[in-house]
Amino acid sequence: MDPFKRSNRQNWDERADIHALDRTGFYAVDAFLAGADTLYPIEKAEIVEVAGLKLAHFQCHIGIDTLCLARRGAVATGIDFSPRAIAQARALAGRAGLTADFVEGEVYDAPALIGDDFDIVFTSWGTITWLDDMTAWAEAIAGVLKPGGRLYFADTHPTAMQHEEIGGALRVHYDWRSAKERPERFAAPTTYTGDETPLVAFNTFEWMRGISDVIGALLKAGLSLDWLHEHEELPYRLFPMMIPAGGRMFKLPPGVPRMPLAFSLQATRTR
Ligand SMILES: C[S@@+](CC[C@H](N)C(=O)[O-])C[C@H]1O[C@@H](n2cnc3c(N)ncnc32)[C@H](O)[C@@H]1O
């Protein structure tokens, strides 16, 4: 494993244990265990009926979304490269009394690890920024989907990703694309849920990219685009200035120029 990925995986192992404890309620674990569907409003509004369908959840983290989809009747498999995330996902499945498979592994290896006959790939919020190769990502999605199978994807908008809040104002701070060998380095001392536990492995490496890099890779891998949406809300505070928007979502405060904070799409494997 290359040094960027090793560093990211150590960071995600630590975060998985902190997130599963859910001291701040960010992941709504208690509500989920009590039976709530804790998918975010954008996903709830956009995903197709999954009951009875074979669904692969890429970068499933501690498995809450995977298990919400299982609760909706999907035959769900989550894949994530963090062994702690997979352990926590299996533990949550047990506590919730739900059935889903959780597989430890790289997104790029998904077809070899979980098979090639899925109806749906689901992946959302904090996903492609951790991946250094959109072509390999799209090929992995096409590789697990059967012909006619669909991808649902929702994540932070590339425009928002380029900004940083500096001195109370948003400024364009990052290049819109990162070379594979030159990701952006971040060193957040704690995780994004508000939990104050200091991270030991705090160095992370992330890749910026444009919308055309995402969609171009999917088209090249044999998917066709069904729709593309842009949104003014995110399920986390990308910038400290963001304010609650309801439904566990956050938006920019009044007086700040609007920009797209999230995008989502559905694509179908046509060849
Ligand atoms: C923000 S979380 C996933 C989002 C999910 N919506 C959540 O918050 O529960 C990102 C996940 O991606 C995983 N990840 C990062 N790089 C990966 C890779 N190359 N292959 C598989 N999983 C990866 C991490 O282990 C982490 O669990």
Query - Hits in segment 217-245 (condition: in contact (Cβ under 8 Å) with a residue 12 or more places away in the chain and under 22 Å from Ala31 (Cβ atoms)) - result: Glu233, Leu234, Pro235, Tyr236, Arg237, Ala245
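One line per residue, one yes/no per condition, for (1) surrounded by fewer than 16 Cβ atoms within 10 Å (Cβ to Cβ); (2) under 28 Å from Val50 (Cα atoms):
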{"site": "Ala154", "(1), (2)": "no, yes"}
{"site": "Ala187", "(1), (2)": "yes, no"}
{"site": "Thr193", "(1), (2)": "no, no"}
{"site": "Trp207", "(1), (2)": "no, no"}
{"site": "Lys220", "(1), (2)": "yes, yes"}
{"site": "Leu228", "(1), (2)": "yes, yes"}
{"site": "Met241", "(1), (2)": "yes, no"}
{"site": "Lys251", "(1), (2)": "no, no"}
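Go through the residues of segment 107-116 one by one and say whether even a single one is in contact (Cβ under 8 Å) with a residue 60 or more places away in the chain and either away from the ligand (no atom under 13 Å from the Cβ) or not polar (S, T, N, Q) (or both). Explain how you work it out, then say what you get.
Of the residues in segment 107-116, the ones in contact (Cβ under 8 Å) with a residue 60 or more places away in the chain are none.
No, segment 107-116 contains no residue that is in contact (Cβ under 8 Å) with a residue 60 or more places away in the chain and either away from the ligand (no atom under 13 Å from the Cβ) or not polar (S, T, N, Q) (or both).
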Query raised in the report: Among the helices (runs of 4 or more DSSP H) confined wholly to segment 88-205, which include 1 or more residues that are in contact with a Pro (Cβ under 8 Å, 6 or more places away or on another chain)?
Result: 134-144, 158-161
Query raised in the report: Are there any pairs with C-beta distances below 6 angstrom linking a residue in segment 7-19 that is within 14 Å of Cys60 (Cβ to Cβ) and basic (Lys, Arg) to a residue that is more than 6 Å from the ligand (Cβ to nearest atom) and at pLDDT 95 or above, with the two at least 6 apart or on different chains, and if so which?
Result: Arg15/Thr191
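I need the full set of residues from segment 18-36 which are more than 10 Å from the ligand (Cβ to nearest atom) and either hydrophobic (A, V, I, L, M, F, W, C) or surrounded by 15 or more Cβ atoms within 10 Å (Cβ to Cβ) (or both), in order please. Even if it seems obvious, please write down each step before you answer.
Quick first cut of segment 18-36, residues more than 10 Å from the ligand (Cβ to nearest atom) only: 18, 20-25, 28-36.
Across segment 18-36, the qualifying residues are Ile18, Ala20, Leu21, Asp22, Ala28, Val29, Ala31, Phe32, Leu33, Ala34, Ala36.
Of everything in segment 117-136 that's aliphatic (A, V, I, L, M) and more than 10 Å from the ligand (Cβ to nearest atom), which residue is surrounded by the most Cβ atoms within 10 Å (Cβ to Cβ)? Lay out the reasoning, then the answer.
Applying the first criterion (aliphatic (A, V, I, L, M)) to segment 117-136 yields 120-121, 128, 131, 134, 136.
If we keep only those that are more than 10 Å from the ligand (Cβ to nearest atom) too, we end up with 120-121, 134.
On the way: Ile120: 22, Val121: 25, Met134: 22.
In this case the residue turns out to be Val121.
The values are calculated or read from the model by the stated rules, or taken from the named source; none is laboratory data. As the structure is a computational prediction, the values presented were derived from the model and not from experiment. Please note: Cβ atoms are built from the backbone with ideal geometry, for glycine as well, and neighbour counts cover all protein chains shown.
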